[in-house]
Amino acid sequence: MRNGFHGRICRVKVLKNWKFWLGLAISLIFLYLALRGLRLADLVDVLGRANYWWLLPGVAVYFVAVWVRAWRWRYLLLPIKEIPTRRLFPTTVIGYLGNNIFPARAGELLRIVVKHNEGNYTVDPATFERMQANDQIIVHRRW
């Protein structure tokens, strides 16, 4: 019962926060600007003709790529502590979610914070810098 009461208090605080309403207003304005020329009939037609079977290999490839990135992070963390890839995978997914939401690849830092808050691990922010340096080296060697 106590958790339900606490949850209601938190919701009331959020609804009274001007930052929440400002963020919602900005989001609605840009959503309108992005969708104002969209014809709903055309959208329904295109979605009806789409081949959704292509989502299956796309999602599979995405998760394999994230697993490889979690494995890479495990390899970079070995000097600090050995953490299994299966424990790093959810944190890596959260980090990429953060990259989609926050600017300047802040999801990478979110990954470090999430892993640190689990309590069993202390993750050095220098790991983030090493990953970025590795990415830059790989990109520059390819081009």
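The values are calculated or read from the model by the stated rules, or taken from the named source; none is laboratory data. Model, not experiment: these values are computed from the prediction. In this analysis, Cβ positions are derived from the backbone assuming ideal geometry, glycine residues included, and neighbour counts consider all displayed protein chains.
Here residue 77 meets the list (1) assigned by TED's automatic domain parsing to the domain that holds residue 117; (2) over 21 Å from the mean Cα position of the chain (by Cα) almost entirely, failing just condition (2). Residue selection: residue 65 fails the criterion of being on the phi < 0 side of the Ramachandran plot, at pLDDT 90 or above, assigned by TED's automatic domain parsing to the domain that holds residue 130 and touching a helix residue (DSSP H, G or I) at 6+ places or on another chain (Cβ under 7 Å). Number of residues in segment 68-86 that are modelled with pLDDT under 90 and over 17 Å from residue 108 (Cα atoms) equals 6.
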